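Take a look at the structure below.
Derivation of every value follows stated rules applied to the coordinates shown; laboratory data play no part. All values derive from a computational prediction rather than experimental measurement. For neighbour counting, all protein chains shown are included, and Cβ atoms are generated from backbone atoms with ideal geometry for every residue, glycine included.
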Amino acid sequence: MLQKYSLFAAALLAVSAAQAQTINIRTIAAQMKYDVEEFTVIPGAEVKLILENGDDLPHNLVIFAAGTDVLAVASKNMEKPEEALKRDWLPDSPAVLAHTKMAGPKTREEVVFKAPTKAGLYPFACTFPGHTQSMQGKMKVGTPGPGLTGLKFAVYNGEWSKLPDFATLKPLREGDIADNLVQLKFDDYKNQFGVVYTGKLDAPRDGEYVFSLAADDGARLLVDGNKVVELDGSHSVAEIKDGKVVLKKGEHDFRLEYFQETGEAQIFVAWRGGDFAATPLSKWVPPTWGGEVKKAKTDGGPKMPLIVGNEPVIYRNFISGAGNRGIGVGYPGGVNLAWSAEQLNLVMVWRGGFIDTARHWVDRGGGAQGPLGYDVFQPVSGLSQPFAVLASTDEEWPRTNKQWADGYKWKGYKLDAKRYPTFVYEWNGVKVSDRYDVVGDTAKGEAKLIRTLKLDGTIPANAYLRLAFGASITPEGGGFLVSNGHFSLEKRDFQNAFRIAADGAQIGGHNLLLPARAEMKITYAWPTDSVK
Amino acid sequence: MKTLSIISVLFLTTSLAFAADKESDFYKITTFETPKETAMEVSSIEILPGDKLALGTRRGEIWTVSNAKGDPSQVKYQLFASGQHEVMGLAWKDGALYETNRYEVAKLTDDDGDGRADTFATMSDQWGVSGDYHEYAFGSRFDKNGDLWVVLCLTGSFSSNIDFRGWAVRIKPDGTMVPTCSGIRSPGGMGFDADGEVYFSDNQGPWRGASTVQHLIPGTFQGHPGGNKWYSKAPNMGSRPPDPKDNSRMVTERERIKELVPPAVYMVHGKIGNSTSFICCDMSKGKFGPFQKQLFVADQSFSNVSRVFLEEVNGVKQGVVFPFLSGFKSGLIGGRMTEDGQLFAGGSDRGWGAKGGKPYCFERVDWTGKVPFEVHEMHAKPDGFELTFTEPVDPVSAADVASYKGREFTYSYRAQYGGPEIADVIPKITSAVVAPDNKSVRLTFDVLTKGHIHELHFDGVKSADGKPVLHPIAYYTLNEIPAK
């Protein structure tokens, strides 16, 4: 790599070689996920873990002892939340082996720790309340593989920009490498030289092996004379390239060819097999090398999330679960809802990210898009009209007309000075307005959704607003805890559970009903939070 | 050495002749920068008071634009509304902007005067939406009766899964929706002619051999039977007409189906365009050049604008399309012409590629003041056509029948998608008589074919000062042959 050359820098590189492994993990914005599902470290190795928090909520990364029930340990925080808050939600448990600090939105935290010496799977998770369920992964401590034996070097001199055919050249100097680790020595030449390393590798069993190579400048790895991975030409170590080879159990010839043109010089090689972790075969390890890292599966395709700033954001399009005339609203405070202009009713509430528009704003834009965030609940478990006249509170709620709720007329919405929408419609001549406010902020802890309905006109007798539908509706904490099993949206499973409170609310069968009156205030909250 | 001398001779010859006229000598396209924070996928444009414009986009935004008349670097944008489900129609009336989005016509007002919409009052949401992306809704301005028209795309290409897909509806001032025409396939835009008659553009597909411009007459069937089951919900429309027979001809089926209105103009597929969109009538009284009261019809796929002249023969609209202006930066969808003779246009290539090459654009067309030498109008006659020109012709070349070449063809009227040009007739042009003022030519054909598209080339015609016609091709849709 042609760069400003300094003899001092080259000499320093030679002595600073250290066997550290760096693991980079990011949080995926608005998805409550890490981008890494599993990473592998070598027992006792020094590990540097960098957590990049690209999300707009705080997240940490805590590594636990093998076999820990992380959800149970993290949930213990909620027994004494005031104290847990002081620890930044780090569980007070001996199971915690290592952890980053709580990384604020769009910030980065790192921690250096020594990997456990015992092989096994060590779970990691974010311990911020509500995050642990989906933000989990595994650190695998793997046995290191065998190293090289009988490693020799041969140095050549020459002015190359690609790997030469070393077989036709005469080495300048040859010798053994005592520690059997591939390395560069700068005591002879800093530029325009080549090295061929030869040695033996013992494959523990028949199977596929993966070799990783990084070099500045070019390098080629051959096993039993066959090329496995190559990075020819003059370049920096930015790329770590893998090559696979199937080997029989037993000893194999290792040959690594390398050349340096000018500037910086480095060589890295490692291997891994079915029953051992990625093991460096070189003295130097690139700072970006993470060993073996399994990326988490994320929804494919581009992401175009709508970001909610100081004002609510409205998104009218096909929203999963909200019918064909859904209106999404993302409110400041990290609370979002979907409202149906077919049923004239609230359909869905969630927290975290609002919505990803990519499905609709890329290509032709077909299909319905679900919430971007998490903890989605559906107060009346689907699409249903808000008001009905019931002969008795046990009466079944009327079945809805899918396209336009019978007796209802959609009139649009109005934005106030802060751009909060109030939906307006008519129900049998009664003018209804339906508005939502958010108290609190999900990024800082609790948040509640406050709904205000106003009715103008003659309200029929025995008219009810259905607040909730649930298999279980339990009076609790000054309101009701509603639970109605699970539902899924776009292959994501959600537990339909929430808290709700409204003066005069009464249970009628599986419904929570509120006698219709001129003004109604309803509070919605998540089960872990309070409606008060 | 020999090659070199040939080249220099050629060079001399061309430099001695006229430099060929280009479209841009007469009509100049100006491309505006648009705000970086959005993709200005213009799907509708409306003119607002105070020389402002409103742009509706596929992303559901509405932007107001100031200073778009002059120096493009002075253009200013303000976000008027966002989060709408596609804005495919905008109409300004009495201090309010009416948007047609996927499932409603809504009246948007800025109540506090900060330039942002505060009230989104639904006027009508009475057509069906099944969740299929294809069910676009294109809205018009208010017509001469104060109604707003919406054309509703089918569910996909063939069928109508929910109320009134494949229909044109009118929204009365009180919000009532009146089903008005059946037979729509996949619209790309709406517009009025100089008399306020309503047209929409439809796209090639089943029952459409090519994209079309069609006259929306209340009570009529526009040709695609996919949505005709909704006659049951439209008592005002009378009984359901018989479905057209597959693999027939438009001219044949018109005999059977009295409600069937033939396309006023076929926008010949692959030649004029592939995907017709906005329709603008030039009401600028000459500020946009010599084509007053003609229609300017855009194409999404070809990123161009064509020129349409219509006439009425035996009570049926028909006419001719000429190429007009190409080179827009993306697939045109929305457009409006101001009374000052500026044509604003914009669009997007998302989901359907466009020649323009850019993902979206917002542009303006100005007449440079130079009059192109073009066929101005083409009128059907009992035994041929009359061409009028924008400038006097050279009477010798214009009177020479060898300066013209005709071809007559049609498309099969069929359920299958699109279709080739079929049933060719090659007419003989028997005479070309130049009028005494040298501004028009009367052509007689040995044969005219009712229902056929009459393709006419006039490459040989020169202007009085020796120029060829800028666009020497015309496609006339001869629904009716006049008696005189």
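Points to keep in mind about this one:
- FRET efficiency estimate (nearest 0.05) - Cβ-Cβ, B:LYS229 to A:GLU37, R0 41 angstrom: 0.20
- For region B:333-382, alpha-carbon Rg over 2.2 N^0.38 Å: 1.61
- Chain B - Debye-derived log10 I(q)/I(0), Cα point model, q = 0.07 Å⁻¹: -0.37
- Computed over chain A, relative contact order equals 11 percent, with contacts defined as Cα pairs under 8 Å that lie 6+ residues apart.
- Rounded to the nearest 20 debye, dipole of the protein assembly as shown from Cβ charges on Lys, Arg, Asp, Glu: 720
- Only one residue of B:GLY335, B:VAL268, B:GLN214 has its Cα farthest out toward the positive end of the dipole of region B:202-335, where Lys and Arg carry +1 and Asp and Glu -1 on Cβ, and that residue is B:GLY335.
- When the listed pairs A:LYS33/A:LYS138; A:LYS48/A:LYS86; A:LYS454/A:LYS521; B:LYS271/B:LYS358; A:LYS409/B:LYS107; A:LYS448/A:LYS521 are checked against a 18 Å cut-off, the alpha-carbon distance exceeds it for A:LYS48/A:LYS86; B:LYS271/B:LYS358.
- Residues whose amide H falls under 5 Å from that of A:ASP56, counting only those 5 or more places apart or on a different chain, are A:ALA30, with hydrogens built in the peptide plane.
- Ranked by the mean number of other Cβ atoms within 10 Å per residue, highest first, peptides B:48-55, B:258-265 order as B:258-265, B:48-55.
- Exceeding the 28 Å Cα-Cα cut-off - candidates B:LYS329/B:LYS381; B:LYS28/B:LYS293; B:LYS172/B:LYS317: B:LYS329/B:LYS381
- Shown here are the Rg and Dmax of the Cα trace of region A:145-293, at 14.4, 41 Å.
- Taking a Cβ cut-off of under 11 Å around B:LYS52, the surrounding Lys, Arg, Asp and Glu residues balance to a net charge of 0, with basic ones at +1 and acidic ones at -1.
- Within straight-line cross-link reach of B:LYS405, aspartates and glutamates at Cα separation under 19 Å, skipping those fewer than 8 residues along the same chain: B:GLU374, B:GLU377, B:ASP383, B:GLU386, B:ASP394, B:GLU421, B:ASP424, B:ASP446, B:GLU455, B:ASP459
- Residues within the reach of a label modelled at A:THR143 (point 7 angstrom out along Cα to beta-carbon, backbone nitrogen below 20 Å), restricted to region A:47-91, are A:66-67.
- Hydrodynamic estimate: the Kirkwood radius of the protein assembly as shown over Cα pairs, inserted into Stokes-Einstein at 25 °C and 0.890 mPa s, corresponds to D of 72 µm²/s.
- Per-residue shielding of B:77-84, expressed as the average number of other chain Cβ atoms within 10 Å of the residue Cβ, stands at 3.
- Using C-alpha pairs under 8 Å with a sequence gap of at least 6, the mean separation divided by the residue count of chain B gives a relative contact order of 12 percent.
- Computed from the C-beta positions of A:ILE507 and B:SER130, the FRET efficiency with R₀ = 35 Å rounds to 0.45.
- Neighbour net charge for A:GLY323 - beta-carbon separation under 10 angstrom, K R +1, D E -1: +1
- Qualifying trypsin sites (Lys or Arg not before Pro) in region B:418-447, where qualification requires a DSSP coil assignment and no more than 11 other C-beta atoms within 10 Å, comprise B:LYS428.
- Each label was represented as a point 7 Å from its Cα along the Cα-to-Cβ direction; for B:ARG256 and A:LYS248 these points are 7.8 nm apart.
- Computed on region A:145-293, with alpha-carbon pairs under 8 angstrom and 6+ residues apart, the relative contact order is 29 percent.
- Between A:ASP441 and A:ARG108, the FRET efficiency from the beta-carbon distance, with R0 = 22 Å, is close to 0.50.
- Short to long, the 5 Å bins of the Cα pair-distance histogram for region A:305-525 hold 1, 7, 15, 20, 22, 18, 11, 5, 2, 0, 0 percent of all pairs.
- Label separation (A:GLU239 vs B:ALA20): 4.6 nm, computed from points 7 Å beyond Cα along the C-beta direction.
- Net length gained if the chain between A:ASP232 and A:LYS294 were fully extended (0.36 nm per residue, minus Cα distance): 19.6 nm
- Close amide H partners of B:TYR136, meaning residues 5 or more places away or on another chain with modelled amide H under 5 Å apart, are B:CYS153.
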